[in-house]
Amino acid sequence: MSVATDPIVDFLTRFSAALGISSSVEVEETSEGVRFNLSGEQAELLARHRGEPVKALQHIVDMAFARGAGDDARVFVDALGYRKGKDTELKQMAKFLAEKAKQTGADQQLGPLNPYERRLVHMAVAEVPGAASESIGDAFSKTVYISAK
């Protein structure tokens, strides 16, 4: 990996402390990129409200650190594995809807989704032979339409 993890761990540790959250940061290198998972009892605060706090923290880390990491290097910020679980659910739903689109011939839709979520959906649909996906919309959050090829 071309991502320097120490500065990100330091930032996440100091950020959590500034919020009054006692947590530790675990680093996991995956095939998709480096995952920084905040854990500890109080890390649950970052997973509240559909994970919006951890999504915002992801955006901050992307702006501060990911630009210098190279185009193919990805950095994922998580709290108590919340996003990892949601990512898995989203991929499973995309595959389910792709199969449904193939069986019924009717387009399926999923969204609105942010760019990260749309990428997960497109990658999952690409794994289903005979299915295709397309993002529709003109804002940050777009809807993904899934159809039979």
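The values are calculated or read from the model by the stated rules, or taken from the named source; none is laboratory data. Just so it is clear, the model here is predicted, and its values are computed rather than measured. Here the Cβ positions follow ideal geometry from the backbone for every residue, glycine too, while neighbour counts run over all protein chains shown.
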Any pair with Cβ under 8 angstrom, 6 or more apart, that starts in segment 126-144 at a residue that is over 18 Å from GLN103 (Cβ atoms) and ends at one that is at pLDDT below 95 and among the charged types (D, E, K, R): SER135/ARG118; SER135/LYS142; ILE136/LYS142; LYS142/ARG118; VAL144/ARG118
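Report the residue count in segment 105-134 for those that are of a type in the set (Gly, Ala, Ser) and assigned to a loop (DSSP other than H, G, I, E, B).
So in segment 105-134, the residues of a type in the set (Gly, Ala, Ser) come out as 105-106, 111, 124, 126, 130-133.
With the extra rule that they be assigned to a loop (DSSP other than H, G, I, E, B), the set shrinks to 105-106, 130.
Going through segment 105-134 one residue at a time, the tally reaches 3.
Would you confirm, using the coordinates I've provided, whether GLY137 is in contact with a Ser or Thr (Cβ under 6 Å, 6 or more places away or on another chain), of a type outside the set (A, V, I, L, M, F, W, C) and farther than 19 Å from GLY51 by Cα? Give the steps one after another, and end with the answer.
Numbers: in contact with a Ser or Thr (Cβ under 6 Å, 6 or more places away or on another chain): yes; of a type outside the set (A, V, I, L, M, F, W, C): yes; farther than 19 Å from GLY51 by Cα: yes.
When the stated conditions are applied, GLY137 passes them.
Quick check on this structure: which one of ASP78, ASP71, ASP87 is within 29 Å of SER16 (Cβ to Cβ), modelled with pLDDT of 90 or more, not aliphatic (A, V, I, L, M) and not in a helix (DSSP H, G or I)? Show your work before the answer.
On the way: ASP71 fails: modelled with pLDDT of 90 or more; ASP87 fails: not in a helix (DSSP H, G or I).
Criteria check complete, one pass: ASP78.
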Residues of segment 3-60 satisfying the condition of being aromatic (Phe, Trp, Tyr) and within 13 Å of the chain's Cα centre (by Cα): PHE36
Filtered residues of segment 1-57 (kept if closer than 26 Å to SER141 by Cα, in contact (Cβ under 8 Å) with a residue 40 or more places away in the chain, surrounded by 14 or more Cβ atoms within 10 Å (Cβ to Cβ) and not hydrophobic (A, V, I, L, M, F, W, C)): GLY33, ARG35, ASN37, LYS55
Single residue of segment 101-125 satisfying the filter (surrounded by fewer than 16 Cβ atoms within 10 Å (Cβ to Cβ) and touching a residue at least 40 places away in the same chain (Cβ under 8 Å)) that is farthest from GLU52 (Cα to Cα): GLY105
Subset of segment 1-50 [under 15 Å from GLY81 (Cα atoms), acidic (Asp, Glu) and out of contact with any Ser or Thr (no Cβ under 7 Å at 6 or more places or on another chain)]: GLU28, GLU29, GLU41, GLU44
